[in-house]
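As structure tokens, the structure follows; a few thoughts come after it.
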Amino acid sequence: MSNATAWYQPTVTAEPMIELVIFDICDVSFGIPIAKIDRVVSNTSITDSHPLPAGSQILDLHQQLFGIKCLAPAAYLIVRRDRQEMCSIPADNLPTLTNVPIDRIGTLPTELRETSPIGIASHVARISTSTEDLTVFILEI
């Protein structure tokens, strides 16, 4: 029987990937690893009877990055931070889930981390979609 399996030789090796939830803040794309996301809540499903999670701090990246408050988010990303704290990030669009090859991700240069509001990101990735090449800043919330 050992000769029967000798013909099987895998021709493709699996490329290491990370799943990112990608969303926009103004014209900038951000990603958060799926393992950090508790859930995504559409703005249309938030009502007085179904508010954001109790104790969830709103992290308005619009305000932090561009000095403008997010008035009409399409969705909130509920992110589980360290020590099981949760925060809610308003996003301009409903996020998408994308597998990103690890070799497409690099550390954000130190000069950007120290001098730019975009420095809240720890990494950056280049992603090619069917319609565009996208730069995604990855947050380690």
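A DSSP coil position with no more than 12 other Cβ atoms inside 10 Å describes the following GluC sites (Glu not before Pro) in region 68-141: Glu85, Glu132, Glu140.
Over region 25-141, accessible surface divided per residue gives 58 Å², non-protein components excluded, 1.4 Å probe. What you get for region 36-132, charging only the Cβ of Lys and Arg (+1) and of Asp and Glu (-1), is a dipole of about 160 debye around the Cα centre. The relative contact order of region 26-122 comes to 26 percent, based on Cα pairs under 8 Å that sit 6 or more residues apart. Heavy-atom surface analysis with a 1.4 Å probe gives region 29-120 a carbon and sulfur content of 52 percent of its accessible area. List the residues of region 63-91 whose backbone N lies under 19 Å from a point placed 7 Å from the Cα of Ala35 along the Cα-to-Cβ direction. 78-87, by backbone N distance to the label point.
Taken along the Cα-to-beta-carbon direction at a fixed 7 Å, the label points for Asp60 and Asp24 span 2.1 nm.
Other residues with beta-carbon under 12 Å from the beta-carbon of Asp38 carry, at +1 per Lys or Arg and -1 per Asp or Glu, a net charge of +3.
The values are calculated or read from the model by the stated rules, or taken from the named source; none is laboratory data. What you see is a predicted model; the values in this text were computed from it and never measured. Glycine gets a Cβ as well: all are built from the backbone with ideal geometry, and neighbour counts include every protein chain shown. Accessible surface is based on the protein model in full, side chains and every heavy atom, while ligands, DNA and RNA are left aside. Shrake-Rupley method; radii C 1.70, N 1.55, O 1.52, S 1.80 Å.
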